[in-house]
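Working notes, beginning with the structure itself.
Please treat every number below as a calculation from the coordinates, not as lab data. Keep in mind it's a predicted model, so treat the numbers as computed, not measured. Counting neighbours? That spans all protein chains shown, and the Cβs are built from the backbone with ideal geometry, glycine included.
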Amino acid sequence: MGLYSYTRLATYKQCPYRFRLKYIDKIPETKTIEQFMGSCVHKVLERLYKNVISAKLIPLEKILEYYHKRWAREWDDNIKFVKRDLTKDDYRTLGEKCIEDYYKSYYPFNQSRTIHVEKRVSFALDNEGRHKIRGFIDRLAIAPDGTYEIHDYKTSGNLPTQKDKDEDKQLALYQIGVRDMWRDVHSIKYIWHYLVFDKEISSSRTERDLEKLRFDKITLINEIESATEFPPRESSLCNWCSYQSICPLWKHLFVIESLPEKEVLQEKGIQLVDRLERLQSERREIETQIEETKEALFEYSDREGVDRIFGSAKMAKIKREIKLSFPDSNDERRTQLEKVIRESGKWNEVSLLDVRKLAKKVEEGSWSDGVLKSIEKFGEKEEKKSVTLVKKKEREE
């Protein structure tokens, strides 16, 4: 098996198609302005703490000077902007503010003893060494009470909640690697620095949490290794994806945007979707008229006392019957009803296998391998097609 990083695993979870393009097809990604700004800020803090380890404090003005020089040296005109209302200077100023706020908040940087910056970790999740993880810790430090601290810098414009970070997997994975490095690692704390907000969020994990994490990541790696299809998965991150123009979910939009304005409405895809929208609208109108006509027939039947109403070529048969209904799966009484039937010993007489739920369980691989193998031989794969009209989504401007 290959060597996996947290980012690689997270990419697969976020979008298998992007995973394929990046890690299998190895198509280069275009860096976004957010990634570029974040990289510059990380390098500045790396330089700052390398000097702190050597008992040297760099003045704020020198740190900012280094930031601006690095920005100018590393800048690439191909960097992607998603938020069109923000400029290069806006992001550069934001990065400068992140550094300045951090410097003023933590100077003289002696809250804990920094022992490594950009520390590489590499470790196995299993005893056989088949499922391997690697990564880099922004900063590793030891608090006065002996607690090891894994620090992570974030330049995101979104501030997560404490619950979000208590469920975060990245630094928890790194904890497994850190514990393999030294024998005195008894307590580990995670500290995220959300630099845009000058805010610190901390968390930790139990042994049970870490064992579950090991199991989950081993399962995910096995899923990736056995995967033969990598479908695209839409999310709020699509606008930041370098592969959006070649993604099946979005590439038609790029085709449209590349056309001269006078040719847009002549494009075949647009014409087909517009035609389907028009036809579905007409069908809804017709269905409404059908229901209204049926109601009128019921009223006519009641008024005239007839059960058959004759037309020019067809006859309408009027039928009324009382049918018994029970609570559906969304009704809170459903659980009580099922309990009564189970206790009566009659459950097998009225229960049916839900093959749709079964197919979902098999596709998710959420049952044991033995159970899945015994079930899969009954299944047959078939292509099912559908077309659904939804509100048009635009790329963020």
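With contacts defined as alpha carbon pairs under 8 Å and 6 or more residues apart, what's the relative contact order of the chain in percent?
About 15 percent, as a whole number.
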Applying a 10 Å radius around every beta-carbon, put 336-347, 169-180, 320-331 in order of their mean neighbour count, most first. 169-180, 336-347, 320-331
Unit Cα scatterers, Debye sum, region 186-258: log10 I(q)/I(0) for q = 0.17 Å⁻¹: -0.94
Which percent, to the nearest 5, of DSSP beta bridges fully inside the chain are antiparallel? 65
Roughly how tilted is helix 170-179, in degrees to the nearest 10 and between 0 and 90, from the longest Cα axis of the chain? 50
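From the helices alone, meaning DSSP H stretches of at least four residues, give me the mean residue ellipticity at 222 nm for the chain, per-run term -39500 (n - 2.57), in deg cm²/dmol to the nearest 500. Intermediate values should be presented prior to the final figure.
Working: 14 runs with 180 residues, N = 397.
Rounded to the nearest 500, the figure is -14500 deg cm²/dmol.
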Computed over region 260-347: relative contact order in percent, which uses C-alpha pairs under 8 Å that are six or more apart: 10
At 7 Å along the Cα-to-beta-carbon direction for both Asp90 and Gln336, put a label point, then send me their distance in nm to one decimal. 5.6
Sorted on mean Cβ neighbours within 10 Å (highest first), peptides 360-366, 86-92, 238-244 come out as 238-244, 86-92, 360-366
As a percent rounded to 5, the proportion of antiparallel DSSP bridges among beta bridges in region 3-240 is 65
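Using only C-alpha positions, report the orientation-averaged shadow area of the convex hull of the chain, nm², one decimal.
Numbers: hull surface 132.0 nm².
Directional mean of the projected Cα hull area for the chain stands at 33.0 nm².
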Would you mind telling me which residue in Pro28, Pro260, Pro160 has the biggest mean-square fluctuation in a Gaussian network model of the chain, where springs connect alpha carbons within a distance under 10 angstrom? Pro260
Let me know the shape class of region 3-240, please: from the alpha-carbon gyration tensor, a ≥ b ≥ c as square roots of the eigenvalues, rounded when a/c is under 1.5, otherwise prolate if a/b is greater than b/c, or oblate. oblate
Compute the angle between helix 60-74 and the longest alpha-carbon principal axis of the chain, please, reported from 0 to 90 degrees and rounded to the nearest 10. 60
Rounded to the nearest 10, the angle in degrees between the Cα long axis of helix 88-106 and the longest principal axis of the Cα atoms of the chain comes to 60
